[in-house]
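Note sheet for the following structure.
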Amino acid sequence: MKGITAFLLTLLLSSTMAFSQKAEGLAQTPPMGWNSWNTFACDINEQLVISVVDSIVSKGLRDVGYNYIVIDDGWMLHERDKKGNLVADPEKFPNGIKHLADYVHSKGMKFGIYNCAGSYTCGGYPGGRGHEYQDALLYASWGVDFLKYDWCSHGNLTSDAAYTTMRDALYATGRPILFSICEWGDTEPWLWAEEIGHTWRISGDIYPCFNCEDRHDDGLPTQWSAWGIMRILNMRDNSVLRQYSKPGAWNDFDMMEVGNGMTLSEDRSHFALWSLLSSPLMLGNDVRKTSKETLEIITNKEIIAVNQDELGIQGFRFESIDSLDIWVKPLVNDSWAICFLNTSEKPYNLNYNWNQKTIIDTIFNKKINFSTTTCQIRDLFAKKTIGTTKNPTKTTINSHDVFMVTLKPIKK
């Protein structure tokens, strides 16, 4: 068996040296699904994941697009076996990872798994460094469709080179595996990751708050923080980021915290903004216990359609008026999504005169002048048409809430 494994790895290496790329045709719109980390961290097991899968199906989440089930850190033993293979923790996953992947596939969804480019994962389990081709072959044999690859314990590795090695290993297996780069934005992956992965993180970990920093000292020389929604939103220059976002290659603003303890208004803002930014929509809550209000947010087909728009243009902040941020996103058929975000602690009384506005997207050559083009206005949370841009739009936006609409030009 050892000789066969070595032979297969040799074949993989030789085929990769000839020509390698990331899997084609994946993530033509931002990936949607569920990841275990935000709620469960390393405390995961087979029955938990199966029950989450069943809830995703029964609550209609699969049917609106959430089709990747990703188990994050903590699924494996702390040591590889004698052949150097990763081993699923038999107490957590008694039937093995392939059994779980088969179950996910039987429900019409895709299965994802986690590891790390460094020597150890962030939870202290074996990382992929030096085992990329061996691990890729194992993942493919299990039926893995998605790999989230972290950046802990990377030592002197160069990020683009490390992730290229894993990309080549995945490609060599012949299985189309979506490659999610989780490098935290430290080395500006938007500049180099398009040819390597299908998504790349632009920040450190998210935290379920509107505008805070959750600092972790842990008694270690190196410190790290998790970030609230607004911190991630404002962490990078979006005018730079959005140039690199496109079908098959997306900026990843991290897994969502909708349903994890923020206010309903903040959850609405979080979901609306992640959709407008063309970020992957990966649920991070315990969907088995999802409230009716949370379910209404995450199954809103009209907002999901903004995220999944086939034009694939990431939105941008058009203007700020006092405590109001106005974000816009060009859509197909010359339509636009507009998100009015109230960042203050008090309600905001909106009185927006469209006829005085012209939106110009210089990067993607999109423009709309409301003095010459009249649009029908669709309120995405109320799910109803509320008039046209001929007249000012008036409404009250609660603290940390959003008013989100789409604008469709009316043909003369």
Quiz item: If you go through the stretch 105-144, how many residues are of a type in the set (Gly, Ala, Ser), in contact with a Gly (Cβ under 9 Å, 6 or more places away or on another chain) and assigned to a helix (DSSP H, G or I)?
Solution: 2
Exercise. Only strands (runs of 3 or more DSSP E) wholly contained in the stretch 219-332 count here; list those with 1 or more residues that are among the small types (Gly, Ala, Ser) and in contact with a Gly (Cβ under 7 Å, 6 or more places away or on another chain).
Key: 224-227
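Residue by residue, here is whether (1) surrounded by fewer than 19 Cβ atoms within 10 Å (Cβ to Cβ); (2) among the β-branched types (Val, Ile, Thr); (3) farther than 20 Å from TYR120 by Cβ holds:
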| residue | (1), (2), (3) |
| --- | --- |
| SER141 | yes, no, yes |
| PHE146 | no, no, yes |
| TYR149 | no, no, no |
| LEU170 | no, no, yes |
| CYS182 | no, no, no |
| PRO189 | no, no, yes |
Practice problem: Kindly establish whether ASN369 is more than 21 Å from ASN300 (Cβ to Cβ), over 24 Å from the mean Cα position of the chain (by Cα) and not charged (D, E, K, R). | Solution: yes
Quiz item: Among the residues of the stretch 303-344, which ones are over 19 Å from LYS408 (Cα atoms), touching a Ser or Thr at 6+ places or on another chain (Cβ under 9 Å) and free of Cβ contacts under 8 Å to residues at least 40 places away in the same chain?
Solution: SER320, ASP322, SER323, ASP325
Exercise. Report, ordered by the first and then the second residue, all pairs with beta carbons closer than 6 Å, sequence separation of six or more or different chains, a first member in the stretch 111-122 that is touching a residue at least 60 places away in the same chain (Cβ under 8 Å), and a second member that is of a type in the set (Val, Ile, Thr).
Key: GLY112/VAL70
Exercise. Considering only residues that are modelled with pLDDT of 95 or more, more than 18 Å from LEU281 (Cα to Cα) and not β-branched (Val, Ile, Thr), look in the stretch 306-326 and name the one that is surrounded by the most Cβ atoms within 10 Å (Cβ to Cβ).
Key: ASP325
Quiz item: Here are some conditions: (1) open to solvent by 60 Å² or more (accessible area, probe 1.4 Å); (2) farther than 24 Å from ASN211 by Cα; (3) more than 26 Å from the chain's Cα centre (by Cα). GLU345 meets all but one. Which one does it not meet?
Solution: (2)
Exercise. Would you check if THR395 is polar (S, T, N, Q) and open to solvent by less than 50 Å² (accessible area, probe 1.4 Å)?
Key: yes
Quiz prompt | Selection from the stretch 377-392 of residues that are closer than 22 Å to ALA305 by Cβ and either open to solvent by 10 Å² or more (accessible area, probe 1.4 Å) or not hydrophobic (A, V, I, L, M, F, W, C) (or both) | solution = ARG378, ASP379, PHE381, ALA382, LYS383, LYS384, THR385, ILE386, GLY387, THR388, THR389
Exercise. Would you check which residues across the stretch 275-304 are farther than 19 Å from LYS59 by Cβ and of a type outside the set (Ser, Thr, Tyr) and list them?
Key: LEU276, LEU277, PRO280
Exercise. Please work out if SER269 is in contact (Cβ under 8 Å) with a residue 12 or more places away in the chain, within 11 Å of the chain's Cα centre (by Cα), over 16 Å from ASP205 (Cβ atoms) and open to solvent by less than 10 Å² (accessible area, probe 1.4 Å).
Key: no
Quiz item: Within the stretch 356-376, can you find the residues that are crowded, with 16+ Cβ neighbours inside 10 Å and farther than 24 Å from ARG242 by Cβ?
Solution: THR374, GLN376
Self-check item: Filtered residues of the stretch 39-50 (kept if open to solvent by less than 40 Å² (accessible area, probe 1.4 Å) and assigned to a helix (DSSP H, G or I))
Solution: PHE40, GLU46, LEU48, VAL49, ILE50
Quiz item: Regarding GLY84, is this residue open to solvent by less than 20 Å² (accessible area, probe 1.4 Å), outside any helix (DSSP H, G or I) and over 20 Å from ASP145 (Cβ atoms)?
Solution: yes
Self-check item: the stretch 30-70: number of residues that are of a type in the set (Val, Ile, Thr) and in contact with a Gly (Cβ under 7 Å, 6 or more places away or on another chain)
Solution: 4
Exercise. Select from the stretch 361-412 the residues that are under 14 Å from TRP336 (Cβ atoms) and among the basic types (Lys, Arg) and list them in ascending order.
Key: LYS366, LYS367, ARG378, LYS408
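The values are calculated or read from the model by the stated rules, or taken from the named source; none is laboratory data. Worth saying up front: this structure is predicted, and the values here are computed from it rather than measured. FYI the Cβ positions are ideal-geometry reconstructions off the backbone, even for glycines, and counts take in every protein chain you see. We work out accessible area using only protein heavy atoms, side chains counted, and drop any ligands, DNA or RNA first. Shrake-Rupley method; radii C 1.70, N 1.55, O 1.52, S 1.80 Å.
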